[in-house]
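These notes are about the structure you will find just below.
The values are calculated or read from the model by the stated rules, or taken from the named source; none is laboratory data. Note that the structure is predicted; figures quoted are calculated from it, not measured. Note: ideal-geometry Cβ built from the backbone for every residue, glycine included; neighbour counts use all protein chains shown.
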Amino acid sequence: MAVLGIVAEYNPFHNGHLYLIEKARQKENFAAVVVVMSGSFLQRGEPAFCDKWSRAEMALSCGADLLIELPFCFSARSAYYFARGALQLLHRTGMVTHLAFGAENTNLSLLKSIVGILSSEPVEYKAILKRHLASGLSFPLSRSLALQEYASQSRSEWQQIMLGPNNILAIEYLRVITEEKLPFIPLLINRRGSSYHGTELSKYASATAIRQALLENVHSNEIASAMPASCLQILQREMARGRSPVQTSSLEQAILYKLRTTSIEALSQIYEISEGLEYRIKAAANACGSLEELRQTIKSKRYSLSRINRTLLYSLFDLSKNQVNLFDNEGPLYLHLLGFSAKAQKILQEMKNKSQVKIFNRGSDIKRCYDQSCGTVLGDMIAADVLATDVYSLLFPSPAARTGGRDFTTSPIMVE
């Protein structure tokens, strides 16, 4: 039985996401589409525009059959660890056979050749990478330049590949499949329409463009061209209920408070803080009065804004290097179901027999395991998710919607 796996954020779900599902379905008669989706916080260190259950509902209305949350300790990580956690989770369902993902460049053999270099790390390549890092460049740019130089490829061709957001994730998916020896058949789908950061509305507008239009109160008729009707309705419902839009700027005072009240020594234990970055962060927190000013002050050639965003998030949640090492050694330890279709119920029954990890299909399951697993890696992983959801709820526009404990009380979305 063929089952399609997809990794996504759906922030929010748009026509490009629908296109990927439809194109992948044309390649095989899949029994179901299983999506691993980021929860409250995303890979670039930002909160999702609307909550994970409404985003799951959007996907279910457009052809997905089962939505599983990617735990916080993997969802807000750099591309490789994000991909690794997501693909490990798909594998641990015991059901997924194929993996579909988009890319700006769909030359699979070329992407695999890049993966070969990244996985084997030849001595010459490592030396070139080290030289670029020593010059103060960020890791993504250093890696791109090192690959180009090592492979003697034209600068423009390889730079275009390595700096394309979807290409980066595509390479990491292929790398994880190779390194973890996962039995997935990759299905590479060409990205349609605007670039990841494009801001113009169109049929295949980016999620960035859609979010910007919503924040600027652009007429819904213009936004409707970029989203399936069911998804726009769900998003408008969430906005009417005061649960969207959620913005990064809403974290401003919480992050500044946390940094100003945390010692240099404690900051040095936070994941991805090294090489004296704790001093730079502490000085910036004391000098800056806004989150944007803080980010720009910390940013440098070595530290991109995405990395800074993630690091600030890790600081807010006290995510330590030791914790992350434990989480990475274990991989995802449960399947938290956010939603499923009527068709998926048969798949779920089989998954219960084949899954390598616990399945949480109601809030009470999470609460029980949370209470019983205190002090374990499993308990800490659940606790990080619960805290992420509770903090995220405080960012809702409506104070009446900011209740805590939603992971313990919210059941998966069921779509007929």
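What to note about this one:
So that you can scan it fast, the table gives a plain yes or no per residue for (1) out of contact with any Asp or Glu (no Cβ under 8 Å at 6 or more places or on another chain); (2) aromatic (F, W, Y); (3) in contact (Cβ under 8 Å) with a residue 60 or more places away in the chain:
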| position | (1), (2), (3) |
| --- | --- |
| A342 | no, no, yes |
| L348 | yes, no, yes |
| D365 | yes, no, no |
| A383 | yes, no, no |
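- Every listed requirement among (1) among the aliphatic types (A, V, I, L, M); (2) modelled with pLDDT of 95 or more; (3) buried (at least 19 other Cβ atoms within 10 Å of the Cβ) is met by A229 save one, (3).
- Residues (touching a Lys or Arg at 6+ places or on another chain (Cβ under 9 Å), assigned to a helix (DSSP H, G or I) and crowded, with 21+ Cβ neighbours inside 10 Å) located in region 381-415: T389, Y392, D407
- Each residue in region 134-152 was checked for being assigned to a helix (DSSP H, G or I) and under 23 Å from the mean Cα position of the chain (by Cα), and 6 of them qualify.
- Subset of region 358-380 that is assigned to a helix (DSSP H, G or I) and of a type in the set (A, V, I, L, M) - its residue that is nearest to L235 (Cα to Cα): I366
- Filter result for I347 (buried (at least 18 other Cβ atoms within 10 Å of the Cβ), assigned by TED's automatic domain parsing to the domain that holds S40 and modelled with pLDDT under 95): yes
- In region 226-262, the residues that are under 25 Å from C62 (Cβ atoms) and outside any loop (DSSP other than H, G, I, E, B): A229, S230, C231, L232, Q233, I234, L235, Q236, R237, E238, M239, A240
- Some residue of region 248-258 being farther than 21 Å from E292 by Cβ, of a type outside the set (K, R) and surrounded by fewer than 18 Cβ atoms within 10 Å (Cβ to Cβ): no
- Filtering L129, L108, L89 for residues that are in contact with a strand residue (DSSP E or B) (Cβ under 9 Å, 6 or more places away or on another chain) and surrounded by 19 or more Cβ atoms within 10 Å (Cβ to Cβ) leaves a single hit, L89.
- Taken as a whole, the condition of being outside the structural domain of G45 (by TED's automatic domain parsing), outside any loop (DSSP other than H, G, I, E, B) and either surrounded by fewer than 14 Cβ atoms within 10 Å (Cβ to Cβ) or touching a Ser or Thr at 6+ places or on another chain (Cβ under 8 Å) (or both) does not apply to I273.
- For region 333-352, a residue qualifies if it is over 15 Å from L90 (Cα atoms) and more than 24 Å from the chain's Cα centre (by Cα), and the qualifying residues are A342, K343, Q345, K346, Q349.
- Among residues of region 123-148 that are touching a residue at least 40 places away in the same chain (Cβ under 8 Å), those with a Cβ under 6 angstrom from a residue that is surrounded by 14 or more Cβ atoms within 10 Å (Cβ to Cβ) and not in a helix (DSSP H, G or I), sequence gap 6+ or separate chain, pair up as G136/R302; S138/R302; S138/S304.
- When E293, E265 are screened for being surrounded by fewer than 19 Cβ atoms within 10 Å (Cβ to Cβ), modelled with pLDDT of 95 or more, out of contact with any Asp or Glu (no Cβ under 9 Å at 6 or more places or on another chain) and assigned to a helix (DSSP H, G or I), only E293 passes.
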